[in-house]
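Enquirer: First the structure, which I've put down as structure tokens, then a few questions once you've had a look.
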Amino acid sequence: MSTPRKLAAGNWKMNGTAAELSEVKTLLAEQAAPGCDVLLCPPATLIHRMAQAAEGSILKVGGQDCHARQSGAHTGDISAAMLKDAGASHVILGHSERRADHGESDEDVRAKAEAALAAGLVAVICVGETLEQRESGATLDIVAAQLGGSIPDDVSAGTLVVAYEPVWAIGTGKVPETAQIAEVHDFIRARLSSRFGEAGQGVALLYGGSVKPSNAAEIFAVENVNGALVGGASLKAADFGAIVAALSDA
């Protein structure tokens, strides 16, 4: 059976200018050889410079979104090929903020994922329920629909990462109970294994939503949690480094 690689991923969202690249240098100095993969996804304006700073190191760099088309009249958008050209190896797709703020559907996410795979990027596809959906008992139905609609058919353990991010826990400080995290991660693993066989068993499953140094170890102890997609705590080397260390020790 394939064993997923552990991954600590950071999403800077719309934060960071050239000055914040100093945090990357600090992180690299302190995390020379962690026992997990490390990924940072800065704004598109920083991808090339961060990739240059990370060259030859343990750090991988990713984008936060891409267009489904390779090129064309799409003002303000960026293609997967452009991300690859800038030095990215991964791209986050279907984040709840993109689904909510930009009205992205599962079909949109799937098309972007197909473009990412064609460009040679690893697709980090996000799924998760709102508080209303959680309270109505629809969590697994929502996650199942997002998995089925957002993930292309031609993925492998090396080209897909799935991040479970309950919308109500993102940036709120609220964290699901470990039993709730376990239920969803076990469900995702079962769905991926059923659909993709051994490849589905090797896909890294990340938890995201108010992950911080104080709760990281407890979250990483949950079965089928292979890492984290970290928001605000990834902006500071000290905080993200502590999360990386917790995952390395898990």
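The values are calculated or read from the model by the stated rules, or taken from the named source; none is laboratory data. This is a predicted model, so every value here is computed, not measured. Neighbour counts are summed over all protein chains in view; Cβ atoms, including those assigned to glycine, are modelled from backbone coordinates with ideal geometry.
Enquirer: Could you say which residue among 114, 165, 107, 129 is within 19 Å of residue 79 (Cα to Cα), among the acidic types (Asp, Glu) and under 17 Å from the mean Cα position of the chain (by Cα)?
Expert: 114
Enquirer: Also: Pick from 95, 102: which is modelled with pLDDT of 95 or more and surrounded by fewer than 19 Cβ atoms within 10 Å (Cβ to Cβ)?
Expert: 102
Enquirer: Here's something else I'd like to know. Which of the residues that make up the range 55-83 are in contact with a helix residue (DSSP H, G or I) (Cβ under 8 Å, 6 or more places away or on another chain) and either at pLDDT below 95 or of a type in the set (Lys, Arg) (or both)?
Expert: Passing the criteria: 57, 58, 60, 69.
Enquirer: Going through the range 109-133 one residue at a time, which ones are assigned to a helix (DSSP H, G or I) and either buried (at least 19 other Cβ atoms within 10 Å of the Cβ) or of a type in the set (A, V, I, L, M, F, W, C) (or both)?
Expert: Result: 109, 110, 111, 112, 113, 115, 116, 117, 118, 131.
Enquirer: Can you tell me which residue is farthest from residue 125 (Cα to Cα) among those in the range 94-108 that are touching a helix residue (DSSP H, G or I) at 6+ places or on another chain (Cβ under 7 Å) and in a loop (DSSP other than H, G, I, E, B)?
Expert: It comes out as 104.
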